[in-house]
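Engineer: One structure, pasted below without further comment.
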Amino acid sequence: MKTKIKGFIFYKGSSQIDGSPIMGIATLHSKNSKTGDMVQTWILNDNGLSPFENMKNGDDYSVCGNCKHRRHTGGACYVDGKAPTYVWKSYMKGNYPDYTLSPNYWETLVEDREIRVGAYGDPFAIPYEVWARLLKTARKHTGYTHQWQLDSFDSRIGEICMASVDNEQEYTQAKKQGMRTF
């Protein structure tokens, strides 16, 4: 049964960044040459617009937060919108079952797999408890957050994500907060 499911919805709720409706989708296979066949997680707006449209009009704040690389603010985000829009279109077609209430099943789908926490979107947008449950049986994971500087930042996200830093000052500040950095 694992091979029949291409992905699943693991979160639908409010963004921890601004309270807007968002969702988390895990895709089980990837052809990404940089990450290999990791489970990819996508943090998407749940507002009826594609990620590309949200990126273009600035409504990506609820999933990207204060990241200075957001394209809407003139940044150079490496995510151009194609991959998350593909995932969103698959979601709109009903291709991903909603397992938000079945975390025990998630564990079997990601057991002994590597997970990329936030292939698109900042992991802080989804509550720590959801990530902890998703990662429970994973072999390992990787993730980064730009939200570590927010007053509302849940420091437990630092247990699963490295702080994205863009200069030496941010590196020093993140280290003082006990964060691993990238």
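Results for (1) open to solvent by 30 Å² or more (accessible area, probe 1.4 Å); (2) of a type in the set (A, V, I, L, M); (3) on the phi < 0 side of the Ramachandran plot, shown as yes or no for each residue.
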position: 25; (1), (2), (3): no, yes, yes
position: 44; (1), (2), (3): no, yes, yes
position: 50; (1), (2), (3): no, no, yes
position: 55; (1), (2), (3): no, yes, yes
position: 65; (1), (2), (3): no, no, no
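Engineer: May I ask you to list pairs of residues, at least six apart or on different chains, whose Cβ atoms are under 8 Å apart, with the first in the range 159-171 being over 16 Å from residue 69 (Cβ atoms) and the second being open to solvent by 50 Å² or more (accessible area, probe 1.4 Å)?
Structural biologist: Once the first residue is over 16 Å from residue 69 (Cβ atoms) and sits in the range 159-171, its partners that are open to solvent by 50 Å² or more (accessible area, probe 1.4 Å) give 160/141.
Engineer: Mind listing just one residue for me: the one in the range 171-182 that is in a helix (DSSP H, G or I) and of a type in the set (Ser, Thr, Tyr) and, of those, farthest from residue 114 (Cα to Cα)?
Structural biologist: Step one: list which residues in the range 171-182 are in a helix (DSSP H, G or I), which gives 171-176.
Pick out the ones that are also of a type in the set (Ser, Thr, Tyr) and you get 171-172.
Numbers: 171: 26, 172: 29 Å.
In this case the residue turns out to be 172.
Engineer: Condition first: open to solvent by 10 Å² or more (accessible area, probe 1.4 Å), of a type outside the set (D, E, K, R), in contact (Cβ under 8 Å) with a residue 40 or more places away in the chain and part of a helix (DSSP H, G or I). Can you find one or more residues in the range 67-76 that meet it?
Structural biologist: There is no residue in the range 67-76 that is open to solvent by 10 Å² or more (accessible area, probe 1.4 Å), of a type outside the set (D, E, K, R), in contact (Cβ under 8 Å) with a residue 40 or more places away in the chain and part of a helix (DSSP H, G or I).
Engineer: Does at least one position in the range 28-41 carry a residue that is part of a loop (DSSP other than H, G, I, E, B) and at positive phi?
Structural biologist: Taking the range 28-41 as the starting set, the residues that turn out to be part of a loop (DSSP other than H, G, I, E, B) are 28-38.
Adding the requirement that they be at positive phi leaves 36.
Taking every residue of the range 28-41 in turn, at least one turns out to be part of a loop (DSSP other than H, G, I, E, B) and at positive phi.
The values are calculated or read from the model by the stated rules, or taken from the named source; none is laboratory data. Keep in mind that this is a model prediction, so the values were computed, not measured. Cβ sites come from the backbone with ideal geometry, for glycine too, and all protein chains shown count toward neighbours. Please note that ligands, DNA and RNA were not included when accessible areas were found on the heavy atoms of the full protein model with its side chains. Shrake-Rupley method; radii C 1.70, N 1.55, O 1.52, S 1.80 Å.
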